[in-house]
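Below is one structure, written out as structure tokens, with a few remarks after it.
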Amino acid sequence: DQQVKQNSPSLSVQEGRISILNCDYTNSMFDYFLWYKKYPAEGPTFLISISSIKDKNEDGRFTVFLNKSAKHLSLHIVPSQPGDSAVYFCAASWRGSARQLTFGSGTQLTVLP
Amino acid sequence: DGGITQSPKYLFRKEGQNVTLSCEQNLNHDAMYWYRQDPGQGLRLIYYSQIVNDFQKGDIAEGYSVSREKKESFPLTVTSAQKNPTAFYLCASSMGSADSGRVTDTQYFGPGTRLTVL
């Protein structure tokens, strides 16, 4: 039973345009959400996070939106750059799970020059 | 430079042998984690430790063992009982707290070890 789902395995976007990566979750206890970027054969790199008391968090070109009623979060990258091409994972945690992270299956983003 | 190191980068072992993967961090983090990634899948939690001399099983602990004798180190042993050990193994750490009270507890990852069983 996947508690965190990324339904799009891949996404292609033109350089300079907006990339929108989506993530859905089923466990209403989750209160902290993170996005990681991963290149092949490397460890994930933390990008941005959001706690459930907020609905938006920005860091440079990256913005994460949280819709708790829909149990949905999204990562916006504006403008997209070829170096953004990687696999993006969303993850979630809650206090009762000792802050273990539950990961989605990832979305491969390709930014075309 | 603060960070998490994993060694070796690539590891080969014969079927039936135990192998230990190293994970060291100098971030002064209390909590450490081991994940496994298989092709086309997300990361799955093997074991985690919130404090020295204590660790808990994750979702897929069967066939694995860990120890946490020092704050900086959290080695993972893949035993011969693990049915499908070939995978990419990732270690992570976070500031953590004894009562998991920290909400914004971000995990930071090492570079990973690719284990191949021949």
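The values are calculated or read from the model by the stated rules, or taken from the named source; none is laboratory data. Everything quoted here is computed from the prediction, not taken from an experiment. Counting neighbours? That spans all protein chains shown, and the Cβs are built from the backbone with ideal geometry, glycine included. Note: accessible area is taken over every heavy atom of the protein model, side chains too, but ligands, DNA and RNA are not part of it. Shrake-Rupley method; radii C 1.70, N 1.55, O 1.52, S 1.80 Å.
With semi-axes defined as the square roots of five times the eigenvalues of the C-alpha gyration tensor, the equivalent ellipsoid of the stretch B:1-112 measures 23, 14, 14 Å, largest first. Can you pull the percent of the stretch B:5-118's accessible area that's carbon plus sulfur, 1.4 Å probe, other chains left in place? Taking all protein chains in place, the stretch B:5-118 shows 49 percent carbon and sulfur surface.
Summed over both chains, the area buried between A and B is near 1900 Å², taken from the accessible surface of protein heavy atoms with a 1.4 Å probe. Taking other residues whose beta carbon is less than 13 angstrom from the beta carbon of residue B:71, and scoring Lys, Arg as +1 and Asp, Glu as -1, yields -3. Using the Kirkwood radius over Cα pairs, work out the Stokes-Einstein diffusion coefficient for the stretch B:20-83 at 37 °C and 0.692 mPa s, in µm²/s as a whole number. Answer from the Stokes-Einstein relation: 271 µm²/s. Volume per residue for chain A equals 100 cubic angstrom (convex hull of Cα atoms). If R0 is taken as 35 Å, the Cβ-Cβ distance between residue B:17 and residue B:95 corresponds to a FRET efficiency of 0.50. Accessible area per residue was computed with a 1.4 Å probe on protein heavy atoms; residue A:26 scores about 80 Å². Residues A:17, B:44, A:95, sorted by accessible area with the largest first, give A:17, A:95, B:44 [1.4 Å probe; ligands and nucleic acids excluded].
Remark: C-alpha extents of the protein assembly as shown on the principal axes read 49, 40, 39 Å, sorted largest to smallest. With 32 Å as the limit, the listed pairs A:71/B:9; B:14/B:57; A:38/B:14; A:38/B:57 have A:71/B:9 beyond it between alpha carbons. The mean number of partner chain beta-carbon atoms within 10 angstrom of a residue's beta-carbon across peptide B:45-51 is 2.
The residue B:116 and residue B:69 beta-carbon pair, evaluated with R₀ = 22 Å, returns a calculated FRET efficiency of approximately 0.20.
Rolling a 1.4 Å probe over the heavy atoms of the protein chains gives the stretch B:20-118 an accessible area of 43 Å² per residue.
At a cut-off of 10 Å², which residues of the stretch A:78-103 become less accessible once all protein chains are present than in their chain alone, using a 1.4 Å probe? Residues passing the criterion (a loss of at least 10 Å², heavy atoms only) are A:89, A:95, A:98, A:99, A:100, A:101, A:103. Provide the FRET efficiency to the nearest 0.05 for the residue A:10-residue B:28 pair, computing r from the beta carbons and using R0 = 45 Å. Given R0 = 45 Å and the Cβ-Cβ separation, E is 0.70.
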